[in-house]
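So the structure is just underneath, and the comments pick up after that.
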Amino acid sequence: MPATLTKSALLLSLLLGLGQAQAASEPGPVALASRLGIPHPAVIAHRGASFDAPESTAAAYKTARDLGADYLEMDLQRSKDGVLFVLHDNNLQRTTDVASKFPERKDSPANAFTMAELKTLDAGSWFNAAYPDRARPAFAGLKILTLDEVIDIAEGNALHKPGLYIETKEPKQFPGIEHDLKVKLQDRGWLSQADSKPANGELAVGQGKGKVVLQTFEKSSLELLQKEMPTVPRILLLWVGEGSIEPKSRVTFADSGEKDKAVYYAKQEPKDKAEFQRWIDYAKAQGAIGTGPSAALTRGGDQSYSDLVQPWMNQYTHDQGLLVHVYTIDDAVDYQKVMDAGVDGIFTNCASELLKFYKRPAPASVDQVLKNNGY
Ligand code: G3P
Ligand code: CA
């Protein structure tokens with residue numbers, strides 16, 4: 001090789017090396033995420049791969065895991081007899097056959113049932129009825145999962161171990177749930193600070209320091225989570241409305257004259273800039289590592305809320321040394337929009353699509369992954 005080329009190559013490699021060293025030492029969200037062991041940008045599988053399988057069931061979580069999602073997202077509740085389990089809604093009507101199994105208790109909150117009672121419910125058939133194009137016979141009869149069972153799933157693929165992204169859902173209904181969660185995570189070895197030995201030479205999310213992320217909309221729960229698990233990364237979830245950021249307009253959906261909730265929410269905005277900043281400052285003061293703001297979706301729908309990921313908002317959050325993980329986005333046009341606005345990770349029901357968008361395609365198709373797991 002001519003000497004000039006050798007010198008050029010050397011110079012190039014030195015420059016590249018310098019660039020990498022600078023990136024690692026630079027302040028900013030990429031370096032912050034790296035220090036915390038949180039992938040950047042992060043793929044957070046919202047209630048599992050819940051576009052492709054019934055939310056919060058084994059089918060959804062195994063699919064998200066095997067597609068290569070960074071985190072399994074879940075909403076934590078506690079049964080009448082004290083078992084931690086995973087379910088989004090306050091009651092069981094939408095996602096189970098509670099109305100036929102317990103007709104007289106169909107409107108009761110899920111936490112009014114023992115775990116044995118919850119386990120009698122079919123948490124899969126509703127999906128087949130609601131989404132016939134994605135229905136599978138094996139979804140019928142899927143069960144509500146305990147936290148232990150979700151942890152088993154997270155640990156169950158030798159090649160990819162996702163982390164756990166756990167929301168304390170309506171925590172005021174569950175006094176002490178933050179402590180119960182700590183005890184469970186400790187028992188299961190998920191609170192150890194040391195990185196465990198990677199199976200394939202590459203440290204997976206579920207084996208490093210960012211293996212658990214805790215999230216909540218409730219200030220009181222954020223404070224309890226900090227008290228119980230001060231070294232575990234915590235996210236303050238944000239939206240505009242009661243219990244969160246004060247809106248500019250106090251007109252309710254019912255009084256707004258809007259027919260579509262997404263249109264109503266898209267017009268909702270923080271009272272002023274200072275109100276938004278107060279919430280970020282609060283998150284920072286409580287030791288959170290970031291926020292989980294809502295987004296207004298291009299196609300609307302029931303997961304479209306106020307746009308809290310405008311560039312100035314993300315910039316302010318980053319300036320405070322915090323990350324931004326936005327919820328809940330399923331379309332490429334919105335992935336692009338929020339990434340351009342500066343977010344650091346996305347909650348999605350479509351983990352396979354987000355992985356594709358990030359050029360980290362899954363090792364197999366959704367159909368294949370579902371079949372591999374017996375669905
Ligand atoms: O955890 C935040 C994200 O999941 C959005 O909220 O209502 O789906 O739990 P939700
Ligand atoms: Ca959630």
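Here are the numbers:
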read-out: Extension reserve of the A285-E242 stretch, reckoned as 0.36 nm per residue once the Cα distance is removed; value: 13.3 nm
read-out: Normalised alpha carbon radius of gyration of segment 82-169 [divisor 2.2 N^0.38 Å]; value: 1.18
read-out: Rg and Dmax [Cα atoms of segment 121-172; Å; Rg one decimal, Dmax integer]; value: 14.2, 38
read-out: Nearby lysines by direct alpha-carbon distance to K101 (threshold 20 angstrom, same-chain neighbours under 8 apart not counted); value: K80, K119, K143
read-out: Expected 222 nm ellipticity per residue - DSSP helices of 4 or more, -39500 (n - 2.57), all of the chain, to 500; value: -10500 deg cm²/dmol
read-out: Point-to-point label distance, K80-A116, nm (Cα→Cβ direction, 7 Å offset); value: 1.1 nm
read-out: Projected area averaged over orientations for segment 204-255, convex hull of C-alpha atoms, nm²; value: 5.1 nm²
read-out: Set of lysines with alpha-carbon distance to K359 below 25 Å, sequence-local pairs under 8 removed; value: K62, K161, K209, K211, K337, K371
read-out: Tail beyond 25 Å, pair distance distribution of segment 269-375 (Cα, percent); value: 30 percent
read-out: Whole-number D in µm²/s for the chain (Stokes-Einstein; Kirkwood sum over Cα pairs; 25 °C, 0.890 mPa s); value: 113 µm²/s
read-out: Largest to smallest principal axis extent of the C-alpha atoms in segment 250-324, angstrom; value: 39, 24, 19
read-out: Estimated FRET transfer efficiency when R0 is 25 angstrom, pair R134-D89 (beta carbons, to 0.05); value: 0.80
read-out: Heavy-atom surface of the chain, accessible at 1.4 Å and reported per residue (Å²); value: 45 Å²
read-out: Counted charge near D334, where neighbours are those whose Cβ lies closer than 13 Å (Asp, Glu -1; Lys, Arg +1); value: -3
read-out: Accessible area of K209 in the full protein assembly, 1.4 Å probe (Å², nearest 10); value: 110 Å²
read-out: Cα-centred dipole magnitude for the chain, charges only on beta-carbon of K, R (+1) and D, E (-1), debye, nearest 20; value: 580 debye
read-out: Euclidean distance between Cα centres, segment 29-102 to segment 152-194, Å; value: 11 Å
read-out: Shape metrics for segment 256-295, restricted to C-alpha atoms - Rg then Dmax, Å; value: 13.5, 40
read-out: Selected from V338, A64, L297, residue furthest toward positive end of dipole (segment 38-372; charges at beta carbon); value: A64
read-out: Rg ratio (alpha-carbon, reference 2.2 N^0.38 Å) - segment 15-169; value: 1.26
read-out: Spin-label pair F253/S365, simplified geometry with 7 Å Cα→Cβ offset, distance in nm; value: 3.6 nm
read-out: Net charge over other residues, Cβ less than 12 angstrom from the Cβ of E149 (K, R count +1; D, E count -1); value: +2
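The values are calculated or read from the model by the stated rules, or taken from the named source; none is laboratory data. Model, not experiment: these values are computed from the prediction. Note that we place each Cβ from the backbone using ideal geometry, even for glycine, and neighbour counts take in every protein chain shown. Accessible surface areas use protein heavy atoms only, side chains included; no ligands, DNA or RNA. Shrake-Rupley method; radii C 1.70, N 1.55, O 1.52, S 1.80 Å.
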